[in-house]
Amino acid sequence: MAGKSKLPALTLTPEEEKRLETLQASRAAPVREVERARILLQYRAGNNPSGIQRALGISRVTIYHCLHKALEMGIEAGLKDAFHRPKEPVITGADKAWVVHLACTKPKELGYAAELWTRQSLAVHVRQQARAAGHPSLAQAAKATVQRILDEQHLQPHKVKYYLERRDPEFELKMKEVLMVYQEVAVQNQAAGAPAAEVAPSVITVSIDEKPGVQAIENTAPDLPPVPQKHPTVGRDHEYKRHGTLSILASLDLHDGHVMARVEERHRSREFVALLKDLDAYYPAGVTIRVILDNHSAHISRETRAYLATRPNRFSYVHTPKHGSWLNLVETLFGKMAHTFLRQIRVQSKAELKERILRGIAEINAAPVVHRWKTFDLLVS
């Protein structure tokens with residue numbers, strides 16, 4: 001049985017008792033104040049500090065501090081922390097600046113093998129070099145201390161965020177040229193759809209690019225179909241077998257969405273010339289085939305130019321700027337392929353992969369969609 005406390009009784013007004021009862025049941029108040037409200041109510045009910053400790057699982061030191069302040073200065077003092085004069089910071093601004101400087105330096109520049117810091121490796125380096133660098137307060141800095149310093153400056157030296165350097169000095173000019181072609185195609189398509197006499201176009205615009213490295217991957221175990229109420233997804237074994245890769249060379253007609261494509265082992269000049277020959281045979285004679293494409297070596301090689309010389313005035317090139325292949329609308333076609341028939345594809349050979357790709361392109365041509373650049377007005381202005 002708990003003994004009687006030597007501390008005097010705690011006297012509460014009805015308002016104070018009601019406030020403590022509300023506070024102890026609160027989910028929004030600080031945890032520390034909720035605990036102290038419970039301590040005061042337990043003591044008010046006749047429980048001694050030992051009993052309060054057993055009931056609430058709070059240390060006796062905390063209980064006595066709370067009770068002494070409440071008995072001496074009232075319940076508000078018992079609920080709150082006493083004012084403490086803040087200590088002078090041990091880690092100075094100069095110390096933090098040194099850590100930030102280290103974080104902005106690659107570890108390989110300091111003799112380490114790593115390319116990037118980890119939080120742990122940076123903290124270890126800080127501790128090892130702190131005294132020699134004139135920052136003794138960081139000689140025992142934990143990883144969490146270093147992390148707080150970095151968080152203040154929003155630094156994450158352990159992560160990489162990729163960017164694309166603009167290396168083409170004529171990027172803006174070439175981009176506007178491509179976008180003006182898209183605008184011209186849009187006007188041409190709109191005029192073709194108007195109720196008027198049909199006039200054969202003198203220029204047909206296509207978008208060409210390659211999608212290399214399409215993998216022919218075979219399962220080593222059969223896929224398991226979904227089972228209602230048990231397995232909602234297809235089951236697939238982690239192991240697989242590789243049969244090599246293929247390249248897709250595709251031409252997207254920007255007027256009607258028709259796709260012409262070849263699936264090849266490689267994408268050299270001879271494969272690109274074969275695609276140009278397909279275009280030459282497909283489109284009416286006397287029409288200029290305007291081709292939007294990048295500066296891949298196969299597009300401008302001696303072999304390609306030799307073929308183009310045999311077909312004067314048949315093809316007209318519009319190059320996207322360097323590192324600007326995202327301006328080429330055929331990339332949207334490759335994205336459509338990746339999200340439809342190429343997604344999670346499994347085959348038993350490269351021959352089957354080629355057949356499946358050509359079948360998928362035939363399905364696209366069965367219901368063609370005209371691809372449009374929808375933001376050219378903004379970019380050209």
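The values are calculated or read from the model by the stated rules, or taken from the named source; none is laboratory data. The structure presented is a predicted model; accordingly, all values stated were derived computationally and were not measured. All Cβ positions, even for glycine, are placed from backbone atoms using ideal geometry, and neighbour counts span all protein chains on display. Areas reflect the complete protein model, heavy atoms only, side chains present, ligands, DNA and RNA absent. Shrake-Rupley method; radii C 1.70, N 1.55, O 1.52, S 1.80 Å.
For Val370, neighbours were defined as the other residues whose beta-carbon sits under 10 Å from its Cβ, and their charges (Lys and Arg +1, Asp and Glu -1) total -1. On region 253-347, 50 percent of the accessible area sits on carbon and sulfur atoms, based on a 1.4 Å probe. So how tilted is helix 330-339 from the main axis of the chain? Cα-based, degrees 0 to 90, rounded to 10. With rounding to tens, the tilt is 60 degrees. Under the simplified labelling scheme, the Ala281-Gln348 pair shows an inter-label distance of 3.0 nm, with each label point 7 Å from Cα along Cα→Cβ. A straight chain from Ala45 to Leu116 at 0.36 nm per residue would run longer than the Cα-Cα distance by 19.5 nm. Extension gain, Ser26 to Lys143, is 38.6 nm, computed as 0.36 nm per intervening residue step minus the present C-alpha separation. Per residue, the accessible area of region 1-132 comes to 67 Å², computed with a 1.4 Å probe over protein heavy atoms only. Between 0 and 90 degrees, the angle of helix 93-103 with respect to the longest Cα principal axis of the chain falls at about 30 degrees. [x] 77, 47, 46; [y] 110, 62, 52; [z] 53, 49, 39: which one is Cα extents along the principal axes in Å as calculated from this entry? Given [x] 77, 47, 46; [y] 110, 62, 52; [z] 53, 49, 39, the calculated one carries the label [y]. For Asp237 and Asn189, what does the FRET efficiency come to when R0 = 45 Å and r is the distance between their Cβ atoms, rounded to the nearest 0.05? So, using R0 = 45 Å, E works out to roughly 0.40. Our estimate of slack between Phe171 and Ser316, defined as 0.36 nm per intervening residue step minus the Cα-Cα distance, is 50.2 nm. Each DSSP beta bridge with both residues in the chain is either parallel or antiparallel, and the antiparallel ones are about 65%. Accessible surface for region 258-301, divided over its residues, is 43 Å² per residue with a 1.4 Å probe.
Just Val227, Val187, Val369 to compare: in a GNM of the chain, with alpha carbon springs under 10 Å, which one fluctuates most? With Cα springs under 10 Å in the chain, the top fluctuation among Val227, Val187, Val369 is at Val227. Using the Cβ atoms and a cut-off under 14 Å, what net charge is assigned to the surroundings of Gly335, where Lys and Arg are +1 and Asp and Glu are -1? Counting the neighbours of Gly335, the net charge comes to +1.
Of the accessible area of region 77-186, computed with a 1.4 Å probe over protein heavy atoms only, carbon and sulfur atoms account for 54 percent. In plain terms, the chain is cut at each of the GluC sites (Glu not before Pro) found in a DSSP loop with at most 14 other Cβ atoms within 10 Å, and the longest leftover piece is 266-381.
For region 303-370, the set of chymotrypsin sites (Phe, Trp or Tyr not before Pro) satisfying both a DSSP loop assignment and a count of at most 16 other C-beta atoms within 10 Å is given as Phe341. Work through the residues other than Ala144 whose Cβ is under 12 Å from its Cβ and net out their charges, Lys, Arg +1 and Asp, Glu -1. Charge balance in the 12 Å sphere: +2.
Taking a ≥ b ≥ c as the square roots of the eigenvalues of the alpha carbon gyration tensor, region 8-79 is rounded, as a/c is under 1.5.
Identify the chymotrypsin sites (Phe, Trp or Tyr not before Pro) of region 132-214 meeting these criteria: DSSP loop state and at most 13 other C-beta atoms within 10 Å of the C-beta. Hits after loop and neighbour filter: Tyr162, Tyr163.
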